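The structure appears below as structure tokens.
The values are calculated or read from the model by the stated rules, or taken from the named source; none is laboratory data. Small disclaimer: the values here were computed from a predicted structure and weren't measured. Cβ atoms come from the backbone with ideal geometry, glycine included; neighbour counts cover every protein chain shown.
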Amino acid sequence: MVDIARIAGVSLATASRALSSAPGVAAATRERVLAVAEELSYVVSPEASRLSGGSTRRVAVVVPHISRWFFSAMLEALESALREADLDVLLYHVGDAADRHAFFERLPARRKVDAVVVLAFPVSEAEQQRLGLMGVSIVAAGGQSATYPYVCIDDEAAGRKAMDHLIFLGHRRIAMIAAVDPDQPGWPAVPGRTQAYYAALREAGIAADPSLVATVDWGGLQGAEAMGELLSLREPPTAVYAHSDEVALGAMRTLRRTGIRVPEDISVIGIDDHPLAELTDLTTVSQPVHQQGALAGQMVLALLQGDEFERAVTVPTRLVIRQSTAPPRAGARG
């Protein structure tokens, strides 16, 4: 910076203000300083900026999965929003219970970041206490965690859209394939999506049948196995409500391999609108994953800048009807 100030013919303080876009610098002077900085390939040192201004310009993102579509899509939008504001992202992958325990015990992001984004997993009370020790802003993306500012969908409302669609078509014998995350033990299947199943049946006057509910680990293969179990029932379902599109697609594979037609014999519906849902004509309830990631990034920026913002954002979902659902076939007990 000393060299830039000397070549540009300005004071060190003026050069600093020009490079940081601070007010009080004439436009012509700022352009001259920036031109010299570019010629010299000058880059502001993040560590120097942190020491002088008390800000790291870094955000920690804690995520349980990276390879899964939902998490990677949300992470992509979040990182893009933060990068546009010249903030760096430190990614912390807590892939299983051991990783998660180690992260919250050691808190590797402590004093190294300005904010933390907890991406799509609930945080226990003990974990909340550990995060609180950091003394930084915390945002929850893809689900509500504690009392942090958050952006999410209403899982129960999404589930009701799926169930109400099947009931409207005339189905009465509806199965549910609920999914849990095996890498995050202790957390049940998405509660709102399960509650939607029982609430929809109750309001339609349909008795819940425990044999029509299968709970499996999250994933397509697990959905396929669950569908096999449901087909072994003396009276199989005429429709299947799956907690996610991946699980629904697995169920459809089993149906296809056994020669059962979708939707003529059994209807299938999922939630999320995975990219494969459109390619496979899966009826689903779509949620705006990228929008949630972008909104979480905007929340972080507002917190760091001290701006007012909405601290609890629930984005809407919508039913997308494709070719995997239809009324039960004539003669079938819907």
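Of the conditions (1) touching a residue at least 60 places away in the same chain (Cβ under 8 Å); (2) outside any helix (DSSP H, G or I), G259 satisfies every one except a single condition; which number is it?
(1)
If the requirement is being touching an Asp or Glu at 6+ places or on another chain (Cβ under 7 Å) and among the hydrophobic types (A, V, I, L, M, F, W, C), which of these qualifies: V151, V123, V136?
Within the list V151, V123, V136, the selection yields V136.
Being under 20 Å from the mean Cα position of the chain (by Cα), modelled with pLDDT of 95 or more and outside any helix (DSSP H, G or I) is true for just one of V151, V118, V123. Which residue is that?
None of the others qualify; the one that does is V151.
Please work out which one of (1) over 26 Å from R322 (Cα atoms); (2) in contact (Cβ under 8 Å) with a residue 40 or more places away in the chain is the condition A175 fails and give its number.
A175 satisfies every listed condition except (1).
Which residue out of R130, R83, R100 is touching a helix residue (DSSP H, G or I) at 6+ places or on another chain (Cβ under 6 Å), among the basic types (K, R) and not in a strand (DSSP E or B)?
R130
Can you tell me which residue in segment 184-199 is modelled with the highest pLDDT, limited to those that are touching a Phe, Trp or Tyr at 6+ places or on another chain (Cβ under 9 Å) and in a loop (DSSP other than H, G, I, E, B)?
Only one residue fits best here, namely Q184.
Listed here are the residues, each with its yes/no results for (1) under 20 Å from D281 (Cα atoms); (2) assigned to a helix (DSSP H, G or I); (3) touching a helix residue (DSSP H, G or I) at 6+ places or on another chain (Cβ under 9 Å).
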residue: L201; (1), (2), (3): no, yes, yes
residue: V216; (1), (2), (3): no, no, yes
residue: L221; (1), (2), (3): yes, yes, yes
residue: L230; (1), (2), (3): no, yes, yes
residue: V240; (1), (2), (3): yes, no, yes
residue: E246; (1), (2), (3): yes, yes, yes
residue: G250; (1), (2), (3): yes, yes, yes
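Looking at (1) touching a helix residue (DSSP H, G or I) at 6+ places or on another chain (Cβ under 7 Å); (2) among the polar types (S, T, N, Q); (3) crowded, with 18+ Cβ neighbours inside 10 Å, which is the one condition that is false for T258?
Of the numbered conditions (1) touching a helix residue (DSSP H, G or I) at 6+ places or on another chain (Cβ under 7 Å); (2) among the polar types (S, T, N, Q); (3) crowded, with 18+ Cβ neighbours inside 10 Å, the odd one out for T258 is (3).
If you go through segment 313-334, how many residues are within 15 Å of the chain's Cα centre (by Cα) and either in a loop (DSSP other than H, G, I, E, B) or not hydroxyl-bearing (S, T, Y) (or both)?
Total meeting the criteria: 4.
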